[in-house]
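Step one of this worksheet: look at the structure below.
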Amino acid sequence: MPTEMWWIIGASCAQLLCAVALLRTRSPEQAELAPQAVALLRGGRLAAVTVALVALHQRGAVAAGRKGTIRANGGPGRTRDPVQLGVHGSLQRALGIRVLASRPKARRAVDELRAELDRAGLLRPLGRLRAARVLLLCAAATVPLGLLVTAPSGTELALAAGVGAMPSAAALVLLRLPATTHAARGLLAGLRERHPLPAHRREVTDGGLVQLYVALYGDPALALFLPRFSRDGGLLGQGGGDDGYATGRGWYGSGNSGLTDGGGGRTSGGGGGTSGGDGGGGAD
């Protein structure tokens, strides 16, 4: 095998190791999370904004507008939740949820919440994650490009392809690593085990639990507890209802025009449950 090919494989391995170092996270802290934080871990920005809207709607602070939009309906009520305040402060006029989530006040509030989850070891820092993904793409492409440039043949080609396939394959596997850490995915699984989605809305009368169900399950919970508001406000089917962010099928900017994610929004010491939100029961 040409000496140049060994150097190319070495470069691919070096890129892979640098990416692995960037993807490592600190040991997670035991944290009690607000519903918006749970939603951010599950579905990203749109999910966090959706839960904030649910909490505001429970207090009568927002209502469905025309043509699938959300409008302010008075002040934000008695809340110190930064995400709820940021979302409400962005509603100078009726907006669709994707546009609302991209407004500066709402975006900054969710970004601050994401930074807290970074520090808690539940999310990989966004800048490091992006840098790692660039390195992984380079690591995956380096060996194939090297084979084209050095053009080995016969046994040398087989050896180069076999040795070079290992860092390339590892890079492709790591590219699917989600923004959430293993601890965050375990936390979500534990919450879902303790709080399965009920069959009937009348089984839940606590507003904080409604927010938690929406944070954990997205669209199915919205359709169950707030069918009219979620339908008329255009909240259903907007990308904040799936688990792409938590599983790696989505990116932090998923639904970019409209994804990132206390009171409510701060992580704090505790036992891995959720801190309840404001508002009444699950009435729509």
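The values are calculated or read from the model by the stated rules, or taken from the named source; none is laboratory data. Fair warning: this is a prediction, and the values are worked out from it, not measured in the lab. Glycine gets a Cβ as well: all are built from the backbone with ideal geometry, and neighbour counts include every protein chain shown. Calculation scope for accessible area: heavy atoms of the full protein, side chains included, ligands and nucleic acids excluded. Shrake-Rupley method; radii C 1.70, N 1.55, O 1.52, S 1.80 Å.
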Would a scan of region 30-45 turn up a residue that is open to solvent by 20 Å² or more (accessible area, probe 1.4 Å) and more than 30 Å from Arg93 (Cα to Cα)?
-> yes
Which ranges mark the helices (runs of 4 or more DSSP H) fully within region 155-260 that have 3 or more residues being closer than 11 Å to Arg42 by Cα and modelled with pLDDT under 90?
-> 244-247
Count of region 70-89 residues which are outside any helix (DSSP H, G or I) and surrounded by fewer than 19 Cβ atoms within 10 Å (Cβ to Cβ) = 7
Scanning region 53-62 for residues that are open to solvent by 10 Å² or more (accessible area, probe 1.4 Å) and in a loop (DSSP other than H, G, I, E, B) gives Arg59, Gly60
Pairs, first closer than 16 Å to Ser153 by Cβ and assigned to a helix (DSSP H, G or I) in region 1-24, second acidic (Asp, Glu) and open to solvent by 50 Å² or more (accessible area, probe 1.4 Å), C-beta under 8 Å, six or more apart | Met5/Glu156
Regarding Gly65, is this residue open to solvent by less than 30 Å² (accessible area, probe 1.4 Å) and farther than 30 Å from Pro167 by Cα?
-> yes
Filtering region 134-151 down to residues that are open to solvent by less than 60 Å² (accessible area, probe 1.4 Å) and of a type in the set (A, V, I, L, M) yields Leu135, Leu136, Ala139, Ala140, Ala141, Val143, Leu147
In this structure, is Arg93 outside any loop (DSSP other than H, G, I, E, B) and either small (Gly, Ala, Ser) or open to solvent by 10 Å² or more (accessible area, probe 1.4 Å) (or both)?
-> no
